[in-house]
Structure formats: C-alpha cells, structure tokens
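To start, the structure itself, in structure tokens.
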Amino acid sequence: MKTIKITVLFFVLSISLQAQEVFNQTAQGNWLANGTVRIFNTTTKAKLDGTTNKVASTFEIQAGPKAGYFVIDNLAVGLETFISSTSTKFESLDDRVTTSAVFVAPFARYYIYEGIFGEATIGIGSTKTTNDIFGEQKSNVFGWRLGAGYNIPLGQHISLEPTLNYSWENQKPKDAGDFTPSDVITSVFVGLGITAFL
C-alpha cells in the first residue's frame, strides 16, 4: 500500500512538472501588445529684467497602442498607432490653440541578447491645428524612430520595458505650394512601457 502511494505521488509530481513549461516571450508564433499613455501639463514663462510672466499653459494627452507578431524567434513585426490632443491657452491673447494628431506606423523589434532589444518604426500621419486668429491648418506628417530598450519580466507574460529613442519627422501643410517650408522636428526621449506577450 505504501509503495502504491509513493508511486502515485511521483506520477502526479512528474505530470505537474511537465505541465509547467517555461514560456519563451520572444518565440516564433507569439504576439506582443504594448500600450503607452502620456499626459502633460506645461506652463511656459518668460523672464525679463528680473520679472517672470506666464506666457501660456498647455495640456496634452497622448495614447499609443502597438501590436506585433514574432515571425521568427526574437523578431516581431507589427503596427503602431499614435493619437494626441493638445490645447494651449496664451495669456496675452484671448485665444486657444488646439492640435490633434493621428499617426500609423509599421515597426520591427529585434531582441538581441538577454532582454536588450532594438526597434525601428516608419510612418505617416496628419495633424490639424485650430485657433481664432489663423483658423484651421492641416498638415501631412512623415517620420521615423529608432530605439533601444531592455525587457524586465514581471512574470511569464508581462514585462516592463524602458527605452531610449531618437525620432525625426517632417510636417508639411496640406495644399501647400512647392515653396512652402515644412517643419522638421527631431527628438531624443525616454519611454517606459508595459508589454504583454501572448
């Protein structure tokens, strides 16, 4: 009887150990889903001859969901969207400037070694800026971003991912002539995202 109990115990333990396979987050056939939300409240001030005056206050909210598929081990490709809304109130003018933007960009992310990854994104979008003085202005946007990050697992399926990024974008007003200048914006920024691996 004692031998049967020990045999059954070993059988149950061996089955439960086999059922606890380690999940490889970046294996071919897996998915990743990432989301970022940023909220900014900015005050701009000007200082002249020791006197500081408030120039403007800005409120901005940004959201950026992303989904990708691992086509081979450690390489995910997918699509990222980015939506933002900004409202700026100028103190010297009775006017508010609002800007909304939407971007869509395919991306590729490669996990290089021990959680370190690189990512490249290239995309298009549009912006619309409105105020009482100049009316409405729409722009086309083309841009790209390069980034590097580190995957910090919080479990088998969830990770925290800090990143360092460089981005470049060109904004050109819609229906503008050939001699209308475009705005070129470059940025270096850090990010922190939570990624789910499925």
GNM of the chain, Cα pairs under 10 angstrom: of Thr163, Thr99, Thr52, the biggest fluctuation goes to Thr52
Build a GNM of the chain with springs between Cα atoms under 10 Å: which of Lys128, Lys47, Lys138 gets the top mean-square fluctuation? Lys47
Above-threshold pairs, the threshold being 28 Å between Cα atoms, out of Lys47/Lys138; Lys47/Lys89; Lys47/Lys172: Lys47/Lys138; Lys47/Lys172
The Cα radius of gyration of region 62-175, divided by 2.2 N^0.38 Å with N its residue count, comes to 1.35
Computed label-point distance, nm, for sites Tyr113 and Phe23 using a 7 Å Cα→Cβ extension: 2.8
Checked against the positive end of the charge dipole of the chain (+1 on Cβ of Lys and Arg, -1 on Cβ of Asp and Glu, about the Cα centre), the farthest of Thr86, Phe70, Phe134 is Phe70
If each residue of separation counts as 0.36 nm, what is the full-extension length gain between Leu198 and Tyr166 once their alpha-carbon separation is subtracted? 8.7 nm
Between the modelled labels at Leu146 and Thr130 (7 Å from Cα along Cα→Cβ) the distance in nm is 3.9
By how many degrees, 0 to 90 and rounded to 10, does the Cα axis of helix 2-19 deviate from the longest principal axis of the chain? 30
Taking the Cα-to-Cβ direction at Ser182 and at Ile39 and moving 7 Å from each Cα, how far apart do the two end points lie in nm? 3.5
Once you've got the GNM for the chain with C-alpha springs shorter than 10 Å, pick whichever of Thr36, Thr86, Thr44 has the biggest mean-square fluctuation. Thr44
Averaged per residue, what accessible surface does the chain expose to a 1.4 Å probe, in Å²? 66
With Kirkwood radius over Cα pairs in Å defined as stated, name the option among [x] 18.1; [y] 17.5; [z] 20.5 computed from the structure displayed. [z]
Residue-by-residue Karplus 3J(HN,Hα) for region 95-102, coefficients 6.51, -1.76, 1.60, Hz, glycine and proline x: 8, 10, 9, 10, 9, 10, 9, 9
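The values are calculated or read from the model by the stated rules, or taken from the named source; none is laboratory data. Worth saying up front: this structure is predicted, and the values here are computed from it rather than measured. Cβ atoms come from the backbone with ideal geometry, glycine included; neighbour counts cover every protein chain shown. Accessible surface is based on the protein model in full, side chains and every heavy atom, while ligands, DNA and RNA are left aside. Shrake-Rupley method; radii C 1.70, N 1.55, O 1.52, S 1.80 Å.
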